[in-house]
Amino acid sequence: MLNYKKIGMIVAVEIDAVLEKYGKMLEKIEAKGFEVMRLSLESFEMIIVKSGAGEIAAAAAAQYLITAHDVDMIVNFGVVGGLTDEMSVARLAVVESVVHYDFDVSDWFDSFEPARYLNYPSKFIPTDRALLEAALKAEPSLKPVVCASADKFVGKPEKKRELHESFGADICEMESAGIVLTCDRCGVPCLLIKAVSDSIHGGAEEFEKEIGRCAAICLDTLEKIIKSSSVLNKASV
C-alpha cells in the first residue's frame, strides 16, 4: 500500500470534466475566493481548486494550496493551443519548461531578453524533472513540450506561428507560468499535463467545439499518471 499523499489540483476552465468524472465523490471545502473540493481516494487525497483563467488567478490558487493545505505536489491539467502542425487536436503533452512570453524588463536591463526573469538563467523556466520523468514512464505517449504562457487567448494562426518561431514553444495557454513560478518559489514540485483543443489552424471556434472532449482525455491521463507509484513516491521526496 502506498503512503497517503496530498495533491493540489488547479483547474482553470475545465471544471466540468472534474465534475463529470468524480461527481458525488467530491466534498466541498469552504474557502474565500475560490471554489474548492476534496477528492479522497485509496492512495491519495486531492484538493481541487477552480482558479479561473489567467496567470494571476493560477498563481493565487497555487499559493492557496501550498499555504492553506500544505500539499506535497501540485498538478494542473487543461486544454491548450497547438503551435506546430504536430500538435494537433487531442495531442497529449507534458510541460517540461514554460516561457512567460509577455514578461519583459529588457528596457530596464539591456542584458535580459524578453520573457526572462531576473532570478533565472534563461527565459525557459523548468518544471520538476523527477515528476516529468515519472509521468513519461507512466504514459510514454506524452510529448515533452515548451509552453508559451501569458494572459492572452491566441487564436490566429499567424500569432501561433510567431510564438513558435520566437520562443521554440509547442503549445500556448494562460496559466502555466503562474503555477510554475509559484511552485518553484515555494519549493513544491508541479506537474502539468495538457491536451490540444485548438490546432495551429484552429481558433476560438475549434476550442469551443473540442474543449469538453479534450479536457476529459487530459484528466483521464493525469489520473493514470498520479496513480502510478513512481509519481506518488516522487511527491514525498
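Okay, here's what the table says:
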| item | result |
| --- | --- |
| Estimated FRET transfer efficiency (residue 28, residue 68; beta-carbon r; R0 22 Å; 0.05) | 0.90 |
| The chain - mean residue ellipticity at 222 nm from DSSP helices (-39,500 (n - 2.57) per run, n ≥ 4, rounded to 500) | -11500 deg cm²/dmol |
| In the stretch 1-51, chymotrypsin sites (Phe, Trp or Tyr not before Pro) in a DSSP loop with at most 12 other beta-carbon atoms within 10 Å | none |
| Qualifying trypsin sites (Lys or Arg not before Pro) for the stretch 9-40 [loop in DSSP, other Cβ within 10 Å: at most 12] | 32 |
| Stretch gain in nm, segment residue 110-residue 122, where the contour uses 0.36 nm per residue and the Cα spacing is subtracted | 2.9 nm |
| Residues residue 41 and residue 151, FRET efficiency given R0 of 22 Å [Cβ-Cβ distance, rounded to 0.05] | 0.10 |
| Length-normalised contact order of the stretch 45-177 in % [C-alpha pairs under 8 Å, at least 6 apart] | 33 |
| Loop-located chymotrypsin sites (Phe, Trp or Tyr not before Pro) in the stretch 46-112, at most 14 other Cβ atoms within 10 Å (DSSP) | 108, 109 |
| The stretch 206-221 versus the stretch 163-188: alpha-carbon centroid distance in Å | 20 |
| Calculated P(r) tail over 18 Å for the stretch 14-109, as whole % of Cα pairs | 59 |
| For the stretch 129-144, Karplus couplings with θ = phi - 60° (6.51, -1.76, 1.60), whole Hz, Gly/Pro x | 5, 5, 5, 4, 5, 5, 5, 5, 5, 6, 9, x, 6, 5, 9, x |
| Any cysteine of the chain lacking a neighbouring Cys Cβ under 4.7 Å - listed by number | 147, 172, 186, 214, 218 |
| Simple Cβ-charge dipole of the chain, Lys/Arg +1 and Asp/Glu -1, about Cα centre, in debye nearest 20 | 680 |
| FRET efficiency estimate (nearest 0.05) - Cβ-Cβ, residue 56 to residue 6, R0 35 angstrom | 0.90 |
| For the stretch 5-235, alpha-carbon Rg over 2.2 N^0.38 Å | 0.96 |
| Derived scalar couplings ³J(HN,Hα) [the stretch 62-70; Karplus, 6.51 cos²θ - 1.76 cosθ + 1.60; whole Hz; x for Gly, Pro] | 4, 5, 4, 4, 6, 7, 7, 10, 6 |
| Counting DSSP beta bridges with both ends in the stretch 5-235, the antiparallel % (nearest 5) | 35 |
| Gap separating the Cα centres of the stretch 132-159 and the stretch 1-68, nearest whole Å | 21 |
| Dipole-positive endmost among 98, 178, 74 within the stretch 5-235 (Cβ charges, Cα centre) | 74 |
| Normalised contact order of the stretch 5-235, rounded percent, pairs of Cα under 8 Å and 6 or more residues apart | 27 |
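We did not get these values from a lab; they are worked out from the coordinates using the rules stated. Here the structure is a predicted model, which means the values were calculated and not measured. Neighbour counts run over all protein chains shown; Cβ positions are idealised from the backbone, glycine included.
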